[in-house]
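A.B. asks: Following this message is one structure expressed as structure tokens.
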Amino acid sequence: MIIQAGEDKTSPVNYIKEKVKGLKTVELLAPVGKIENAYAAIENGADAIFVGGKCFNARQYADNFTNDELEAIVRYSKLRAVKVYITVNTLIKQQEIHELFDYLIYLDNLGIDAIISQDLGVVSLVKKYFPQIALHASTQMTAHSVHDVLFLKSLGFKRVVLARELSLKEIKEIIEICSIEIETFIHGALCYSYSGQCLMSSLIGGRSGNRGRCAQPCRMKYNLTENGHMMNSDEYLISLKDMCSIEFLPDLIQCGIHSFKIEGRMKSPEYVASVVKTYRKYIDLIESQSSYKVDLNDIEEVKGVFNRGGFSKGYYFDGDLNHMITPTSPRHMGVKIGTVTQFSPKLKRATILLDGELNPGDGIEIIRKGRESVGTGISKHYEKGLSIQLEFDKYIDAGSEVFLTKNHQLLKQLRNTYLKANRKIPIDLKIVSEVGQPIYIEAAYKTLSVQYKGEILEGASNAPITKENAIRQLTKFGNTSFIPGKIDVKWDETGYIPISKLNEIRRKVLEMMEEKILERSIKKKQDYISPQNHVADQAKTWSAYVTTLEQLEVCINNPQIETIYWDWNYNNEMSLQANELCSKRHKKFYLALPYIMKNKTYKKFAEDLSFWDRTSIDGYLIRNYGQFNLLKSSLKNKNIDYNLNIMNNEAIHLWDAAGAAKLTVSVETTYTELQCMQGNLERIVYGYIPVMTSEQCLLKDHHKCTRMGGEQKVFKLVDRKEAVWGIQTDCEACVMQLLTEKPLVVKHLDELNNKGIKSLRLNFTHESKEETQNVLEAYLAEDMSQIKLIKGVSFKSIE
């Protein structure tokens, strides 16, 4: 609990916390997207870093690293006791599996500490060929419940990076039950959608977030409409502020989180230096058992390096989420430095009253309400309190706020924190010398040790080497990665050895210690063997996902539809009616479960799910890992939906082994890629697809929440190109989804007869009875002339 220290806002201490007792050490994990960021993170106190190679990582627009650069980073890190986690956290196409296998061989020999993965195909390969590699489940796996984490643990993950959308209470429950390392984000950018559940960038331009190429459509302007009427004017409605947790860091540590993750592999080294340095300071303060006090100057520094209109607390605490939105600008806002008092259109000159000083090299930005901001660089020094005049091409209203977006002096100070390699590890030395015997030195670091016997110590004729002189020479570690730790010396002061020989001994011992720390075993090269997945010997079948009884009636009256996926929507009464109708028409009936199910939802509907397992339904459509874990002992079929992102045969193999009956492939998979996939597979060929699944809710933000009942209205999101995105809500889970502007439509005959796909699915969401009938007839007749008349969208081939 945060206690405010009085009302004096100018006080450097604005927050005080009680002493936190009995805490375990927490890992501070820093982002590295370029080589300078590695130095910035390590020199400022990171315990571990996460980095990506040139392939298979979710930040393809970061610099990333060649193999030689990765080796240099691993070397630099290990010699400073810093762990290195490699991101292999994109979806893997089937034709990339051999390249991935070779990359995993390289990483295994590199001696990394873990890989961070999203694709179960990676997990399958690691389990079979590289069991010694530790696996961390990426936040892209959307782990948001106890059951999600338990399933991932059963697959062999050592650590799970939770979805950012969890509260402190929900995280604590997961930690108490699951007995696995838990990692959460503590600072940086927040996605509007649950990570791993966003297809918007992929649909718009073929830049898939699941492949590390997100174009960040959430940082664009949108309008919200209600029954076709505009509710706002070009605002950043789905752009979230960055998160900062410094103020409540003790709460996170008390919760038992193992690793604190900082977002920002695309950010500057100065950002990494500032954020890591600040969190290091406060983690150490907590672990020192001191009273917790936050200096507001530290918050201002971090804010000055990067923020989007201030910080939020993320989802850690329950409450109104609207405060997390930054509608004015999605870019770095800096800190407020002044206010425009007047503007002369004739002279194009703004008068600015400064709240703080400006220095040469600084950059400022002025926020213009309803219009693009304007900015300029500073070439002079200006004192706080001055009124200054600067020229701008565009009109600026009096009262407009001025922000310092580039603090030249601060950036220079931060660069100085990592230009020199000051971080070192302590080496304990045991030194023994006796005249007539070789000088013996044992060097030790943690559980590692090396021994060395040097020159024979001769009897001194006139100037013996004293113990003090010997220690001085043998502990001159200079520019190495080491500093002296404990020194245990037994030195014969009647002996003599040249200083040059002592220096040589020291260099040799430190070289041996360095080799010991960097020591790694090169494994025998293995050959990759493709899995032989089970492929059912059956003709192509059709299934339909429906959300209304009207749609259901149309589908079950068509003899070609064999399977119905019914949207449960927590409604047992209507679902039972739907099941009965399917039974009468001899249709297979599957209950489609919600996309998001947190701990409280599992508890609330535990009896309902148990009830359904005792009914005559054929099975379930699984939409998250937790549902599969909950139903693992069920004898009913468990079909996996598209949003669990299946793209390769290794992932198919793993799901087959786990007991899944049928797998819906990712909607991002192309016809050519599907040709290479084998298994009991299903493909969606028509339907409105959620492109974002969010804990945020545009309806709630605009006081239009429909949870309390009342008139149902149609809300849509309109982008700058006038594309319209439908909105649907799961009010029980308090989750909102944005849907494709038009339905996904597969329009080519050869794609409907793909040899790798045994089942084709039509998804109906808000279609009328007539619309459902028209789509059904066109596809089941494979009438391409009619299918091509359906106005739809398709996912472009993704990189």
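The values are calculated or read from the model by the stated rules, or taken from the named source; none is laboratory data. Remember, predicted model here, so these are calculated numbers, not experimental data. Reconstructed Cβ throughout: ideal geometry from the backbone, glycine too, with neighbour counts over all protein chains shown. Remember, those area values only see protein heavy atoms, side chains included, never the ligands or the DNA or RNA. Shrake-Rupley method; radii C 1.70, N 1.55, O 1.52, S 1.80 Å.
A.B. asks: Run the count for region 548-689, please: Lys pairs, Cα-Cα under 13 angstrom, 8 or more apart or on different chains.
C.D. replies: 4
A.B. asks: Across region 168-224, how large is the tail of the calculated P(r) beyond 18 Å, expressed as a percent of all Cα pairs?
C.D. replies: In whole percent, the long-distance tail amounts to 52.
A.B. asks: Pull out a ≥ b ≥ c, the square roots of the eigenvalues of the alpha-carbon gyration tensor of region 417-479, then state rounded if a/c is under 1.5, prolate if not and a/b is larger than b/c, and oblate in the remaining case.
C.D. replies: oblate
A.B. asks: What percentage of the solvent-accessible surface of the chain, computed with a 1.4 Å probe over protein heavy atoms, is contributed by carbon and sulfur atoms?
C.D. replies: The value for the chain is 48 percent carbon and sulfur by accessible area.
A.B. asks: Still on this structure, please answer the following. Need one word for the chain: rounded, prolate or oblate. Basis is the Cα gyration tensor (sqrt eigenvalues a ≥ b ≥ c); a/c below 1.5 gives rounded, then a/b vs b/c decides.
C.D. replies: oblate
A.B. asks: Now a separate question. How far, in nm, would the chain grow between residue 493 and residue 379 when pulled straight, counting 0.36 nm per residue and subtracting the alpha carbon separation?
C.D. replies: Here the answer is 34.6 nm.
A.B. asks: Report, in deg cm²/dmol and to the nearest 500, the calculated mean residue ellipticity at 222 nm for the chain, where each DSSP H run with n ≥ 4 adds -39500 (n - 2.57) and the sum is divided by the residue count.
C.D. replies: It comes out at -8000 deg cm²/dmol, rounded to the nearest 500.
A.B. asks: So in region 675-799, what percent of DSSP beta bridges are antiparallel if you round to the nearest 5?
C.D. replies: Bridges in region 675-799 are about 75 percent antiparallel.
A.B. asks: How big, in percent, is the set of alpha carbon pairs in region 302-413 lying more than 24 Å apart?
C.D. replies: 29
A.B. asks: Measure nothing fancy, just the Cα-based angle from helix 572-584's long axis to the longest principal axis of the chain, in degrees from 0 to 90, nearest 10.
C.D. replies: For 572-584 against the chain, the angle is about 60 degrees.
A.B. asks: Which percentage, to the nearest 5, of the DSSP beta bridges contained in the chain is antiparallel?
C.D. replies: Counting DSSP beta bridges with both partners in the chain, the antiparallel share is about 50 percent.
A.B. asks: What trypsin sites (Lys or Arg not before Pro) does region 281-383 have in DSSP loop regions with at most 14 other beta carbons within 10 Å?
C.D. replies: Listed in order of number, the matching sites are 346, 348, 369, 371, 380.
A.B. asks: Placing +1 at every Lys and Arg Cβ and -1 at every Asp and Glu Cβ, with all other atoms neutral, what dipole size does region 326-431 have around its Cα centre, in debye to the nearest 20?
C.D. replies: So the dipole magnitude of region 326-431 works out to roughly 420 debye.
A.B. asks: Picking from 240, 269, 175, whose Cα lies most toward the positive end of the charge dipole for region 170-269 (charges on Cβ: Lys, Arg +1; Asp, Glu -1)?
C.D. replies: In region 170-269, that residue is 269.
A.B. asks: Charges at C-beta only: +1 for Lys and Arg, -1 for Asp and Glu. How large is the resulting dipole of region 453-546 about its Cα centre, in Debye rounded to 20?
C.D. replies: Result for region 453-546 is approximately 220 debye, rounded to the nearest 20.
A.B. asks: Given a Förster distance of 51 angstrom, what is the FRET efficiency for residue 413 paired with residue 550, based on the Cβ-Cβ distance and rounded to 0.05?
C.D. replies: Given R0 = 51 Å and the Cβ-Cβ separation, E is 0.20.
A.B. asks: Kindly provide the pair-distance distribution of region 606-736 built from C-alpha pairs, with 5 Å bins from 0 and whole-percent values in order of increasing distance.
C.D. replies: Per 5 Å bin, starting at 0, the Cα pair percentages come out as 2, 8, 15, 16, 14, 16, 13, 9, 5, 1.
A.B. asks: Contour minus end-to-end for residue 723 and residue 707, with contour as 0.36 nm per residue of separation and end-to-end as the Cα-Cα distance?
C.D. replies: So the extension gain works out to 3.1 nm.
A.B. asks: Where a Cα-Cα gap under 17 Å defines reach, which lysines qualify for residue 486, not counting those fewer than 8 residues away within the same chain?
C.D. replies: Excluding near neighbours in sequence, the set is 424, 430, 446, 467, 476.
A.B. asks: Another question, if that's okay. Of 332, 317, 297, which is farthest on the positive side of the dipole of region 297-344, counting Cα position, with +1 on Lys and Arg Cβ, -1 on Asp and Glu Cβ, and the Cα centre as origin?
C.D. replies: Of 332, 317, 297, it is 332.
A.B. asks: Could you tell me the accessible area of residue 68 in Å² (1.4 Å probe, neighbours in place), rounded to the nearest ten?
C.D. replies: Surface accessible to solvent at residue 68 totals approximately 120 Å².
A.B. asks: Provide the solvent-accessible area of residue 686, counting protein heavy atoms only and rolling a 1.4 Å probe, rounded to the nearest 10 Å².
C.D. replies: It works out to around 10 Å².
A.B. asks: What distance in nm separates the two pseudo spin-label positions at residue 297 and residue 780, each 7 Å out from Cα along the beta-carbon direction?
C.D. replies: 7.5
A.B. asks: Quick one: net charge around residue 82, please, counting Lys, Arg +1 and Asp, Glu -1 for every other residue with C-beta under 13 Å from its C-beta.
C.D. replies: In short, +3.
A.B. asks: Please report, in whole Å, how far the alpha carbons of region 61-211 spread along each principal axis, starting with the longest.
C.D. replies: 42, 40, 31
A.B. asks: When the label point is put 7 Å from the Cα of residue 463 along its Cα-to-beta-carbon vector, which residues of region 483-516 have a backbone N closer than 19 Å?
C.D. replies: 492-504
A.B. asks: With a cut-off of at most 14 other beta carbons within 10 Å, and DSSP calling the residue loop, which chymotrypsin sites (Phe, Trp or Tyr not before Pro) in region 236-318 qualify? Please list them.
C.D. replies: 317
A.B. asks: On to the next question. Averaged per residue, what accessible area in Å² does region 652-742 show with a 1.4 Å probe, protein chains only?
C.D. replies: 39
A.B. asks: Oh, and also: For the pair residue 266 and residue 519, what calculated FRET efficiency results from E = 1/(1 + (r/R0)^6), where r is the Cβ-Cβ distance and R0 = 51 Å, to the nearest 0.05?
C.D. replies: 0.90
A.B. asks: In debye to the nearest 20, how big a dipole does the chain give about its Cα centre with +1 on each Lys and Arg Cβ and -1 on each Asp and Glu Cβ?
C.D. replies: That gives the chain a dipole magnitude of about 940 debye.
A.B. asks: OK, next. Using a/c under 1.5 as the rounded threshold, could you call region 139-208 rounded, prolate or oblate? The axes a ≥ b ≥ c are square roots of the C-alpha gyration tensor eigenvalues, and prolate needs a/b larger than b/c, oblate otherwise.
C.D. replies: Here region 139-208 falls in the prolate category.
A.B. asks: Give the ranking of 512, 230 by solvent-accessible surface, highest area first, calculated with a 1.4 Å probe.
C.D. replies: Largest accessible area first, the residues go 230, 512.
A.B. asks: Would you tell me the accessible area of residue 692, worked out with a 1.4 angstrom probe on the heavy atoms of the protein chains, in Å² to the nearest 10?
C.D. replies: Estimated to the nearest 10 Å², residue 692 gives 10 Å².
A.B. asks: Just want the answer: with Cβ charges of +1 for Lys and Arg and -1 for Asp and Glu, which residue in 131, 65, 103 is farthest toward the dipole's positive end in region 54-132?
C.D. replies: Value: 131.
A.B. asks: Equivalent ellipsoid semi-axes for region 467-532, as square roots of 5 times the alpha carbon gyration tensor eigenvalues: give them largest first, rounded to whole Å.
C.D. replies: For region 467-532, the ellipsoid semi-axes come out as 43, 12, 11 Å.
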